[in-house]
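Colleague: Just passing along the structure, written as structure tokens.
Nothing in this text is a laboratory measurement; each read-out follows from the coordinates by a stated rule. No experiment lies behind these values; they were computed from the predicted model shown. Because the Cβ atoms are built from the backbone with ideal geometry, glycine has one as well, and the counts that use them run over all protein chains shown.
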Amino acid sequence: MNFFVENWILILVAFVSGGLLVWPMVNRGGASAVPAGEAVRLINREKGVLIDVSEPAEYAAGHAGGARNIPFGSLEGSKDLPTNKGLPLLLLCPSGARASRAAGLLRKAGYEKAVAVAGGTAAWREAALPVEKSAG
């Protein structure tokens, strides 16, 4: 007990620093990425829209079945986005990095349910979900 009384400041600092490390995980405000299985559930049950933000050549090489291609550079103000901003938007790219940035952009634009598919098209393939290739 004497240890705690003499070192209360060190103990307090340890708890505060631990809390600051955990805070970003607790205060997410909403999921920024969902696994491929959850993405399929959102498509089937909540009419989620699958959007691939890859460049056209990447999209043609292989993309999730049924995904719309809206390249990341032309995402803002695109007419191909759903008009209903309440629908879940599931964003994909080959690795998931661009999709995460795209989800952030779309959430700022009012699509509150925009999320990236964790791991991108690679994770989609790994989950044995349908992949298509475009002709040309």
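Colleague: With +1 on each Lys and Arg Cβ and -1 on each Asp and Glu Cβ, how big is the dipole of the chain about its Cα centre, in debye rounded to the nearest 20?
Modeller: Values: 14 positive and 11 negative charges, 75 e Å.
For this selection, approximately 360 debye.
Colleague: Can I ask one more? Measure nothing fancy, just the Cα-based angle from helix 8-26's long axis to the longest principal axis of the chain, in degrees from 0 to 90, nearest 10.
Modeller: 10 degrees
Colleague: Continuing with the same structure: Identify which of Val49, Val16, Val117 has the largest mean-square fluctuation in a Gaussian network model of the chain, with springs joining Cα atoms closer than 10 Å.
Modeller: Answer for the Gaussian network model of the chain: Val16.
Colleague: Using amide H atoms built 1.01 Å from N in the peptide plane, name the residues 5+ places from Ser32, or on other chains, whose amide H lies under 5 Å from its own.
Modeller: Those lying under 5 Å, H to H, from Ser32: there are none.
Colleague: Shifting gears a bit: Order 97-110, 68-81, 119-132 from most to least packed using the mean count of other Cβ atoms within 10 Å.
Modeller: 97-110, 119-132, 68-81
Colleague: Turning to a different aspect of this structure: Which angle from 0 to 90°, rounded to the nearest 10, does the C-alpha axis of helix 36-46 make with the longest principal axis of the chain?
Modeller: For helix 36-46, the angle is close to 70 degrees.
Colleague: Around Gly48, which amide H atoms from residues at least 5 apart in sequence, or from another chain, sit under 5 Å from its own amide H, with H modelled in the peptide plane?
Modeller: Residues meeting the criterion, in which the H sits 1.01 Å from N, are Ile43.
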